[in-house]
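The values are calculated or read from the model by the stated rules, or taken from the named source; none is laboratory data. As the structure is a computational prediction, the values presented were derived from the model and not from experiment. Positions of Cβ are generated from backbone atoms using ideal geometry, with glycine treated the same way; all protein chains shown enter the neighbour counts. The protein model used for the area step is the full one, side chains on, heavy atoms only, and it has no ligands, DNA or RNA in it. Shrake-Rupley method; radii C 1.70, N 1.55, O 1.52, S 1.80 Å.
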Amino acid sequence: MSEFYDALEQRAPAERERTLMAALAQQVAHAQTHTPAFADILRGVDASRIASRSALATLPVTRKHELLARQQAARAAGGDALGGFGAIGWRALARPGSARRVFQSPGPIYEPEGAAPDYWRVARALFAAGMRAGDLLHNSFSYHLTPAGSAMESAAHALGCTVFAGGVGNTELQLQAIAELRPEGYCGTPSFLKILLDKAAETGRALSITKALVSGEAFPPSLCKLLRAGGIEALQCYATADVGLIAYETSAREGLVLGEGVIVEIVRPGTGDVLPEGEVGELVVTSLNPDYPLVRFGTGDLSAMLPGACPTGRTAPRIKGWMGRADQTTKVRGMFVHPAQVAEIVRRYPEIVRARLVVSGVMANDVVALRVEVATASEGLAERLAHTVRDVTQLRTQVELLAPGSLPNDGKVIEDARSHE
């Protein structure tokens, strides 16, 4: 039995890159032609020239709050409920093609689902987690509002699995179904799987589940170890309601392998500047889905690219996994400070390697310090930086000059270290 979902997973990296870059130029042109939002965002862009990562990096990043704002403005005006981002829709949107479903994620943000099988491309992750044709999969993701339940079910069907639509909550009823139907697989949040495992132990019932694909929240090694002790091998995937599958874990458990239908960049929070391999930053994704063609979409999540290939033989690039949120906007002395402002300060001083604005003290008595790594500090740099911080943020600040490597590589450019007690 093959360990791989399809031949794409073993492509030579150069071949994959050529294919992705050719598809990128076509997708940019498609987004400009078929979605009013990207016709505006990418106005004046020659799509045929966006055929490399360096060219992609010149395009603006569209972040979730901007997508939400466009949707809200369009709805308020009685217009497109999808804010002009969908290439498909329904009669009121006057789009070619039709959406099979529409979902609501927090915001609220609305996303369409088209008719393609395995629409959210999650089957690859389920396969890596051990699901095979003929398995019964207990799906405890929600089937209401958000697309998680539908995404997992359509992926399971693509593999030939049967699905029990457990949904969320109703722990006792779900345990009863597991005891009577004896599913081999599970998909849902890791925390709910632990609840099922604990509740089964309390009531003296054994879970038939031996393999799981978990998502939707952090999956720390301690929880993975606990589930394994209960006889369950659980792997995780990283997916969003906007894009679908972005990356998935394999049996090697060394980072998450990127899915085959996305182009991923790691950028400095608050900017569109691509970071080198290993640096933690915001994950930005370009989806090759023609129905909802998001170009340089800022997920707001932190991650980092890992060197080398997966030991399983899958050749796609890998990310470290979910490492927190990139939106570090903080209110200081009654004013909001944004990551983009810290980025602007850094941009004015080429000698800065890395910077972090640290807010400490107690509420109503904030202490602000800009900590910067510099290889060589020019005379008066600290004073000039203090003036720049005040110019950009309207805040008085201390400046601390540090040697390269002094700050943690965790993607943070603003740290709220205040005591809130």
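Restricting attention to the stretch 343-361, and to residues there that are in a strand (DSSP E or B) and small (Gly, Ala, Ser), which single residue is nearest to Asp416 (Cα to Cα)? Filtering first and then ranking leaves Ser360. Considering the stretch 98-172, the qualifying strands (runs of 3 or more DSSP E), each wholly inside and each with 3 or more residues that are open to solvent by 10 Å² or more (accessible area, probe 1.4 Å) and touching a strand residue (DSSP E or B) at 6+ places or on another chain (Cβ under 7 Å), run over 101-105, 162-165. Among residues of the stretch 98-126 that are among the acidic types (Asp, Glu), those with a beta-carbon under 9 Å from a residue that is part of a strand (DSSP E or B) and open to solvent by less than 60 Å² (accessible area, probe 1.4 Å) at least six positions away or on a different chain give the pairs Glu111/Phe103; Glu111/Gln104; Glu111/Ser105; Glu113/Phe103. Considered as a group, the residues in the stretch 267-288 that are part of a strand (DSSP E or B) and farther than 28 Å from Ala212 by Cα include one that is most open to solvent (accessible area, probe 1.4 Å), and that residue is Val274. The condition (being surrounded by fewer than 17 Cβ atoms within 10 Å (Cβ to Cβ), touching a residue at least 12 places away in the same chain (Cβ under 8 Å) and out of contact with any strand residue (DSSP E or B) (no Cβ under 6 Å at 6 or more places or on another chain)) is satisfied by just one residue among Ala229, Ala252, Ala200: Ala252.
Could you list, in sequence order, all residues of the stretch 84-97 that are free of Cβ contacts under 8 Å to residues at least 60 places away in the same chain and in contact with a helix residue (DSSP H, G or I) (Cβ under 7 Å, 6 or more places away or on another chain)? Residue satisfying the conditions is Gly84 alone. For residues that are in contact with a Leu (Cβ under 8 Å, 6 or more places away or on another chain) and either at pLDDT below 95 or in a loop (DSSP other than H, G, I, E, B) (or both), scanning just the stretch 227-249, find the one that is nearest to Val122 (Cα to Cα). Out of the qualifying residues, it is Val243.
Any idea which residue in the stretch 318-331 is surrounded by the fewest Cβ atoms within 10 Å (Cβ to Cβ), counting only those that are in contact with a helix residue (DSSP H, G or I) (Cβ under 8 Å, 6 or more places away or on another chain) and not hydroxyl-bearing (Ser, Thr, Tyr)? Filtering the stretch 318-331 for residues that are in contact with a helix residue (DSSP H, G or I) (Cβ under 8 Å, 6 or more places away or on another chain) and not hydroxyl-bearing (Ser, Thr, Tyr), the one surrounded by the fewest Cβ atoms within 10 Å (Cβ to Cβ) comes out as Asp327. Here Leu302 fits the description: surrounded by 18 or more Cβ atoms within 10 Å (Cβ to Cβ), not hydroxyl-bearing (Ser, Thr, Tyr) and not in a loop (DSSP other than H, G, I, E, B).
Could you please find all residues in the stretch 10-50 being hydrophobic (A, V, I, L, M, F, W, C), surrounded by fewer than 17 Cβ atoms within 10 Å (Cβ to Cβ) and assigned to a loop (DSSP other than H, G, I, E, B)? Result: Ala12, single match. Among the residues of the stretch 66-78, those identified as open to solvent by 30 Å² or more (accessible area, probe 1.4 Å) and of a type outside the set (D, E, K, R) are Leu68, Ala69, Gln72, Ala73, Ala76, Ala77, Gly78. Of all residues in the stretch 310-327, those that are under 14 Å from Tyr248 (Cα atoms) and charged (D, E, K, R) have Cβ atoms under 9 Å from Cβ atoms of residues that are open to solvent by 30 Å² or more (accessible area, probe 1.4 Å) and in a strand (DSSP E or B), 6 or more apart or on another chain, in Arg318/Met305; Arg318/Leu306; Lys320/Met305; Lys320/Leu306.
Which residues, taken from the stretch 182-193, are surrounded by fewer than 18 Cβ atoms within 10 Å (Cβ to Cβ) and modelled with pLDDT of 95 or more? Within the stretch 182-193, just Arg182 meets the criteria. Within the stretch 377-421, being on the phi > 0 side of the Ramachandran plot and exposed (fewer than 14 other Cβ atoms within 10 Å of the Cβ) holds for Gly380, Gln394, Gly405.
Considering each residue of the stretch 332-345 in turn, none proves to be surrounded by fewer than 19 Cβ atoms within 10 Å (Cβ to Cβ), over 20 Å from the mean Cα position of the chain (by Cα) and either closer than 30 Å to Glu9 by Cβ or hydroxyl-bearing (Ser, Thr, Tyr) (or both).
The sole residue among Ala81, Ala179 that is open to solvent by 10 Å² or more (accessible area, probe 1.4 Å), free of Cβ contacts under 8 Å to residues at least 40 places away in the same chain and under 16 Å from Leu193 (Cβ atoms) is Ala179.
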